[in-house]
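*Asks:* Below is a structure I'd like to ask you about.
The values are calculated or read from the model by the stated rules, or taken from the named source; none is laboratory data. None of these values were measured; they are calculated from a predicted model. Here the Cβ is made from the backbone with ideal geometry for all residues, glycine too, and neighbour counts use every protein chain on show. Areas reflect the complete protein model, heavy atoms only, side chains present, ligands, DNA and RNA absent. Shrake-Rupley method; radii C 1.70, N 1.55, O 1.52, S 1.80 Å.
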Number of protein chains: 2
Amino acid sequence: MVSYIGTERLKALVATRGPARFMSELAQEIAADYRRWDAFEKTPRHASHSTDGVIELMPTSDGRLYAFKYVNGHPKNTAAGRLTVTAFGVLADVATGYPLLLAEMTYVTAFRTAAVSALAARHLARPGARSMALIGNGAQAEFQVIAFHALVGVREVRLFDTDPEATRKLVRNLERLDLEGLRVQVSASTAQAVRGADIVTTVTADKRNALILTPEMIEPGMHVNAVGGDCPGKTELHVDILRRADAHIVVEFEPQARIEGEIQQLTAETDPAVSELAQLLSAQRPGRRSDRDVTIFDSVGFALNDFSALRYLARLDGEIASPQAIDLIPALADPKDLWGGLVRARAPAPRTGARLEVPA
Amino acid sequence: MVSYIGTERLKALVATRGPARFMSELAQEIAADYRRWDAFEKTPRHASHSTDGVIELMPTSDGRLYAFKYVNGHPKNTAAGRLTVTAFGVLADVATGYPLLLAEMTYVTAFRTAAVSALAARHLARPGARSMALIGNGAQAEFQVIAFHALVGVREVRLFDTDPEATRKLVRNLERLDLEGLRVQVSASTAQAVRGADIVTTVTADKRNALILTPEMIEPGMHVNAVGGDCPGKTELHVDILRRADAHIVVEFEPQARIEGEIQQLTAETDPAVSELAQLLSAQRPGRRSDRDVTIFDSVGFALNDFSALRYLARLDGEIASPQAIDLIPALADPKDLWGGLVRARAPAPRTGARLEVPA
């Protein structure tokens, strides 16, 4: 049997833990894996592009556990009442090849994306940063606010979206969340939201080279958390922001970011160098160097983030009562007798297979 | 909700249909897709190799449906009571990116591998071929016998395995299957099993360059169905068999077979050319040319086979009562309100999402 965390189980896990603690523990797990960056197999994701979107497979392994995520990106989906991004993932045992856990990752991707954004901001935003402009108030927005409130100390958010309905939804949800000391402000434009903010987060969904942020909006000392540009032809920042002499750009995995991130607009040869998040988190490279630097986290999502998230889920699932399992893999008395397994009236008592021992 | 076919549901589907009809319908579905070969996105599978085995992701798409399979290969697993190969797959809607079906594919891979072997043999074995040597009597063996009995007309099988227990298991299962007119013979060696056989099928599991078949065993007119050599460093045939002047080698997808198949032992430049199965099935290339040709089907398994199998399962699942579904994807009233979905006490009535309309 394979452990199973569907959307209902995930809701129960988050409710039991509380969203802020869930987010913080997840961020810790991700940071710990980035600190052993060299242990991971790194390949660009496998992407299947079509007219309306993309379906991707994101695998990685540390030689002990293997994980992959299936994720799509279809910006037109919302018009038909569907999600832009859906995802699920599998954690497997490298020694036997057996899948251990199948988990929903639509919610989990939103958590882990926000957790990684906050981890980067802890090293890149000005110490004492308290205000954040949040451009794009869709599916990812609440998660970003929870992460920056819990992990960075943000206490003021200024919201803007071209769809006022999205902003109203976000305000409503934030009111219910009632995060300690958080002031929520609705802005009339991106420029208004950004003006004077310590941190600017962009999480828009259009699949095109958009200009959500333009050079005149950027003030010295700002940290830009650019989340929505994450596939070829889908960016959010004007290229001149990336080319600022005082800009410090950080990515998760450079070869992938060059294809999918904001820096697809740059050329590796002539434009400024970028740092990788692992170097920051393991203190091999400095984060922010002065209060006037412009820092940019160009996030596209990397397989490692999902690996950490799946391992965290596996551990949490084991800690909290009533885990579920599905019969995705045959349970055979004799492994050479696959046919016998198929025609037996009933499967024998489920084998638990390789027991997942989660590292501390 | 995503449709779910676990091992118990798969057993019910096979039992309702009967194994021979299940195999034949599956083979038809696969052949139909090979005839529209150019419609498919073809990339080599993504393989993560470790000391003891490999975990692979095999994606493909025809622009309308997308499918991928997760499959491992761990030869040492059987010693610990585990399967060498386990697999599962997902069928998704290209237009929305939503997964439609999650299915077990350990059993299904065994079916589709045998179905493809039989499809190739119908074009490559001598007309009237009735006897088959079956070297390797493990998990795949029964499926090969069912396929060659139903689709090629084989009425005599000669069995050999280095593990006599595996052969006894196969004999027992074949007795229970009681396939019409089938004579089952146990051989003392590979050479004895092969001598005089019309067809030679090799399905061994060792991860090395093995010499299951050597040149002196091969007789004019034989068809060799080489199934077990399917990853780098894992082959079954002596290279001189592949280099015979009268040999006609057929593969599923040449770029992948050059890496993973028997023909990894050849060089594309100096050695004889190979044909692709799609060319045979669409009559663009001849199968066997004379009664004395040696034909070789060098099968490694291709994503298209799994695509066809998943679509067949989806259709069958819809036809037979009591299909199952799992909550792998959130069902949201407002797709921009992902957070709202997470904290609502209960999900609303499940959306069926994109309805899978299976082409005739």
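*Asks:* Residues in segment A:1-12 that are crowded, with 21+ Cβ neighbours inside 10 Å, of a type in the set (A, V, I, L, M) and in a helix (DSSP H, G or I): how many?
*Replies:* Matching residues across segment A:1-12 total 1.
*Asks:* Write out, first by first residue and then by second, each pair whose Cβ atoms fall under 8 Å of each other, whose residues are 6+ apart or on separate chains, and whose first residue, in segment B:266-277, is of a type in the set (A, V, I, L, M) while the second is part of a loop (DSSP other than H, G, I, E, B).
*Replies:* What qualifies is B:L266/B:R243; B:L266/B:P272; B:L277/B:E252.
*Asks:* Scan segment B:276-299 for residues that are among the small types (G, A, S) and surrounded by 19 or more Cβ atoms within 10 Å (Cβ to Cβ) and jot them down.
*Replies:* Within segment B:276-299, B:A278, B:G287, B:S299 meet the criteria.
*Asks:* Next question, about the same structure. Got a sec? Which of A:R45, A:R82 is without any contact (Cβ under 8 Å) to a residue 12 or more places away in the chain and touching a Gly at 6+ places or on another chain (Cβ under 9 Å)?
*Replies:* Every option except A:R82 fails the conditions.
*Asks:* In segment A:278-290, which residue that is out of contact with any helix residue (DSSP H, G or I) (no Cβ under 6 Å at 6 or more places or on another chain) and of a type outside the set (S, T, Y) is modelled with the highest pLDDT?
*Replies:* A:Q279
*Asks:* Would you say A:T295 is free of Cβ contacts under 8 Å to residues at least 12 places away in the same chain and among the polar types (S, T, N, Q)?
*Replies:* In short, no.
Okay, residues lined up against (1) of a type in the set (K, R); (2) more than 11 Å from every other protein chain (Cβ to nearest Cβ); (3) open to solvent by 20 Å² or more (accessible area, probe 1.4 Å):
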| position | (1), (2), (3) |
| --- | --- |
| A:L26 | no, yes, no |
| A:A31 | no, yes, no |
| A:H49 | no, no, yes |
| A:V71 | no, no, no |
| A:T78 | no, no, yes |
| A:G89 | no, no, no |
| A:T113 | no, yes, no |
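*Asks:* So A:D293 ticks every box in (1) closer than 30 Å to A:A245 by Cβ; (2) of a type in the set (D, E); (3) modelled with pLDDT of 95 or more but one. Which box is left unticked?
*Replies:* The one condition A:D293 does not meet is (3).
Yes or no, residue by residue, for (1) at pLDDT 90 or above; (2) within 14 Å of chain B (Cβ to nearest Cβ):
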{"residue": "A:Y312", "(1), (2)": "yes, no"}
{"residue": "A:D317", "(1), (2)": "yes, no"}
{"residue": "A:I329", "(1), (2)": "yes, yes"}
{"residue": "A:L342", "(1), (2)": "yes, yes"}
{"residue": "A:A354", "(1), (2)": "no, yes"}
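*Asks:* Moving to a separate point now. Somewhere in segment B:51-67, is a residue within 15 Å of the chain's Cα centre (by Cα), among the aromatic types (F, W, Y), at the interface with chain A (Cβ under 7 Å from one of its Cβ atoms) and surrounded by 24 or more Cβ atoms within 10 Å (Cβ to Cβ)?
*Replies:* no
*Asks:* Every residue in segment B:158-183 that is farther than 15 Å from B:A20 by Cα and either touching a Pro at 6+ places or on another chain (Cβ under 6 Å) or more than 14 Å from chain A (Cβ to nearest Cβ) (or both), please. Walk me through it before giving the result.
*Replies:* Taking segment B:158-183 as the starting set, the residues that turn out to be farther than 15 Å from B:A20 by Cα are B:158-172, B:175, B:183.
Once the filter is applied, which keeps residues that are farther than 15 Å from B:A20 by Cα and either touching a Pro at 6+ places or on another chain (Cβ under 6 Å) or more than 14 Å from chain A (Cβ to nearest Cβ) (or both), segment B:158-183 yields B:R158, B:F160, B:R183.
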